[in-house]
1. Could you please tell me which pairs satisfy a Cβ distance under 8 Å, a separation of 6+ or placement on different chains, a first residue in the stretch 19-41 that is open to solvent by less than 40 Å² (accessible area, probe 1.4 Å), and a second residue that is of a type in the set (Ser, Thr, Tyr) and part of a helix (DSSP H, G or I)?
2. Residue 8 versus (1) modelled with pLDDT under 95; (2) open to solvent by 40 Å² or more (accessible area, probe 1.4 Å); (3) more than 17 Å from the chain's Cα centre (by Cα): which is the lone unmet condition?
3. Pairs under 6 Å by beta carbon, first residue closer than 17 Å to residue 64 by Cβ and of a type outside the set (D, E, K, R) in the stretch 122-147, partner open to solvent by 20 Å² or more (accessible area, probe 1.4 Å) and outside any loop (DSSP other than H, G, I, E, B), six or more apart or different chains?
4. Taking helices (runs of 4 or more DSSP H) that fall entirely within the stretch 57-175, which contain at least 3 residues that are of a type in the set (Gly, Ala, Ser) and at pLDDT 90 or above?
5. Looking for something part of a helix (DSSP H, G or I), basic (Lys, Arg), closer than 18 Å to residue 123 by Cα and under 19 Å from the mean Cα position of the chain (by Cα) - is there at least one such residue anywhere in the stretch 39-53?
Amino acid sequence: MHINPYGRDPVLLAADLVNDPPSSVAELADRSVAAGVAREWVPVPGDLDAVRALLSRWVEVVDAQEPRERARLLNALLAEGAGPPRLTDHDGHWHLHHRAEGLGLAAVLHVLIAIGTATHLATRGMDRLGRCAAPCCERVFADVSRNGRQRYCSSRCGNTDAVRRHRVRQAGRVA
């Protein structure tokens, strides 16, 4: 997976894994590869628990209300996972890695998600992660919209909430 200038792919992968947790290490590996993570590792049973722990900490970043707290939590993830930058052409194209060679799946995801999230927040805005605004929905989202005003995890939640608000107004109550 290449970290694009906005960190889009890694934060979308993290949100997807949080919202629909993988049930096995094989599923985790398959979904990671489908999301564009280069398969330079062999999955091991411990990867699933390690990624679950990482995602639990990533959700703390999502739920942090203040930018400084969000940065503090993310900086801790960066310090634990990212290594010194280095150039590599392992796939035939020169690009930058922020990790050592030979890491396993959990460690690779840790680096990609931490660096991708930092890139996403630093370039798009510190408020570009959140929880769905729909009542009864706890899903997380990474706001990759152009205008930076995403409030819902999906158009389905946004539409359902709009219908709910409309019905409340029609009944003469305040939403």
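1. Between residues of the stretch 19-41 that are open to solvent by less than 40 Å² (accessible area, probe 1.4 Å) and residues that are of a type in the set (Ser, Thr, Tyr) and part of a helix (DSSP H, G or I), there is no close pair.
2. All conditions pass for residue 8, except number (3).
3. 126/67; 132/157; 140/18; 140/131; 142/12
4. Because the criterion is at least 3 residues that are of a type in the set (Gly, Ala, Ser) and at pLDDT 90 or above, the helices (runs of 4 or more DSSP H) in the stretch 57-175 that meet it are 67-81, 105-124.
5. Step one: list which residues in the stretch 39-53 are part of a helix (DSSP H, G or I), which gives 46-53.
Then keep just the ones that are basic (Lys, Arg); that gives 52.
With the extra rule that they be closer than 18 Å to residue 123 by Cα, the set shrinks to none.
No, the stretch 39-53 has no match at all.
The values are calculated or read from the model by the stated rules, or taken from the named source; none is laboratory data. Here the structure is a predicted model, which is why all the values come from computation and not from measurement. Cβ: placed from backbone, ideal geometry, glycine included. Neighbour counts: every protein chain shown. Side chains included, ligands, DNA and RNA excluded: accessible areas come from the protein's heavy atoms. Shrake-Rupley method; radii C 1.70, N 1.55, O 1.52, S 1.80 Å.
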